[in-house]
Amino acid sequence: MSGEMDLTVLLRGLQADLVEGVFVFATVPAGAVPQDLQPRMMFHEAEGVTLIVLQSEAEAHGIDYAFPCRMITLNVHSALEAVGFIARIATELAKRGMGVNPVAGFYHDHLFVPEDRAMDAMDILAQIARDAG
């Protein structure tokens, strides 16, 4: 069930979906994730558990957060070993003054971009795919 590794194929097949909702990054101590919280991502670090959750969920649970952002799912099944895919995307976003926090899932990569730049990011991703075609 491996994904695509060829960078050209990945870029040509790049299709992006802007996910509904505003997401935020937060951290809680290990063992302190509320039972009814539905994080999009959880990552255990030495300092605590990093969460990516909807802003409304963080606020409802009284969790401090940072970086209100939008999530963009890249609908191409990239291999976890693929080289250069996210680097190329991050470089193009950086050229336009936009930071990005990428997260690799098993099937897809996901980009968390500043909330007010989401449509700019979508346009840039579409241009990357057109240029690769």
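Laboratory data are not the source of any read-out in this text; all were calculated from the coordinates shown. Bear in mind that the values here come from a model prediction, so they are computed numbers and not experimental data. Cβ placement follows ideal geometry from the backbone for every residue including glycine, while neighbour counts extend to all protein chains displayed.
Springs between alpha-carbon atoms under 10 Å, Gaussian network over the chain: tell me which of L37, L18, L74 tops the mean-square fluctuations.
Comparing L37, L18, L74 in the GNM, the peak value goes to L37.
Using only the Cα atoms of the stretch 57-114, build the gyration tensor, take square roots of its eigenvalues as a ≥ b ≥ c, and label the shape rounded, prolate or oblate: rounded if a/c is under 1.5, else prolate if a/b is larger than b/c, else oblate.
Oblate is the answer for the stretch 57-114, as a/c is 1.5 or above yet b/c matches or exceeds a/b.
For the stretch 7-132, what relative contact order do you get, as a whole percent, if you take Cα pairs closer than 8 Å and at least 6 residues apart?
Contact order relative to length: 32 percent.
Take the chain, mark every one of the GluC sites (Glu not before Pro) that falls in a DSSP loop and has at most 13 other Cβ within 10 Å, then report the longest stretch left between them, sites excluded.
82-133
Just going by the charge dipole of the stretch 7-132, with Lys and Arg at +1 and Asp and Glu at -1 on Cβ, which of G99, V9, A32 is farthest out on the positive end?
Farthest towards the positive pole: V9.
When the helices in the chain are scored as -39500 (n - 2.57) per DSSP H run of 4 or longer and the sum is shared across all residues, what 222 nm value do you end up with, to the nearest 500 deg cm²/dmol?
Calculated at 222 nm, the ellipticity per residue is -8000 deg cm²/dmol.
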